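Everything on this sheet refers to the single structure shown next.
Every number in this text was worked out from the coordinates using simple rules, so none of it is lab data. Since this is a predicted model, take the numbers as computed values, not measurements. When we count neighbours, we look across all protein chains shown, and the Cβ atoms used for this are built from the backbone with ideal geometry, even at glycine.
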């Protein structure tokens, strides 16, 4: 190889490296721009309960709380409201669902959400009982569990804590924990 050919080869290699780096960077930026951001509402709706059902009573209450946070805090369409309500119904025990016909359930849910928003409340955080504080017991041959969840509610600049008690029962067929009922415990 001659002395004149070496600089030309070096220049060609450098040009290829610079061109390749430019191509890499331009494609990397485009791929980041094409990614969509999933909202909290979409995340709740997209959860496939057939494949990814919450495995413990605590996880069921956490999922319930995630849905509640979306219902009471976020903006969404009527269709998304229906889908979130269906997700709630899917984690409720059959007995609870039977005692709350869907039409009545939807009417009451919409009223609760409207009242919550009218008073400018938002669910700031929620904290379910630790796993060691979940009380499991048997009733009529069925596995049940009781646990609590503390919700921090914000109104303007003020915060308050609200405690809610959950009773769950394990479904005989699916072996999934389902919410049988919930209430605000009375202080003694």
Using a Förster radius of 22 Å, what is the FRET efficiency between residue 42 and residue 99 based on their Cβ-Cβ separation? Nearest 0.05, please.
0.15
Going fewest to most other Cβ atoms within 10 Å around each Cβ, 113, 123 line up as 113, 123
Could you calculate the FRET efficiency of residue 124 with residue 22 from 1/(1 + (r/R0)^6), where r is the beta carbon distance between them and R0 is 45 Å, rounded to 0.05?
0.45
Between helix 57-73 and the chain, what is the angle of the helix's C-alpha long axis to the longest principal axis, kept within 0 to 90° and rounded to the nearest 10?
80 degrees
What FRET efficiency, computed as 1/(1 + (r/R0)^6) with R0 = 30 Å and r the Cβ-Cβ distance, is obtained for residue 138 and residue 110, rounded to the nearest 0.05?
0.20
Connecting every pair of Cα atoms under 10 Å apart in the chain and solving the GNM, the largest mean-square fluctuation among 61, 44, 172 falls on 172
Between helix 102-118 and the chain, what is the angle of the helix's C-alpha long axis to the longest principal axis, kept within 0 to 90° and rounded to the nearest 10?
70 degrees
Okay, helix-only estimate at 222 nm for the chain: each DSSP H run of n ≥ 4 adds -39500 (n - 2.57), divide by all residues, round to 500 deg cm²/dmol; what do you get?
-15500 deg cm²/dmol
Relative contact order of the chain, pairs being alpha-carbon contacts under 8 Å that are 6 or more residues apart, as %:
19 percent
Base-10 log of normalised Debye intensity for the chain (one unit scatterer per alpha-carbon) at q = 0.17 Å⁻¹
-1.19
How far, in degrees from 0 to 90, does helix 5-33 lean away from the longest principal axis of the Cα atoms of the chain, to the nearest 10?
20 degrees
Proxy reagent accessibility, fewest Cβ within 10 Å first, across 50, 112
50, 112
What ranking of 23, 166, 182 emerges when the number of other C-beta atoms within 10 Å of each C-beta is taken as an exposure proxy, fewest first?
23, 182, 166
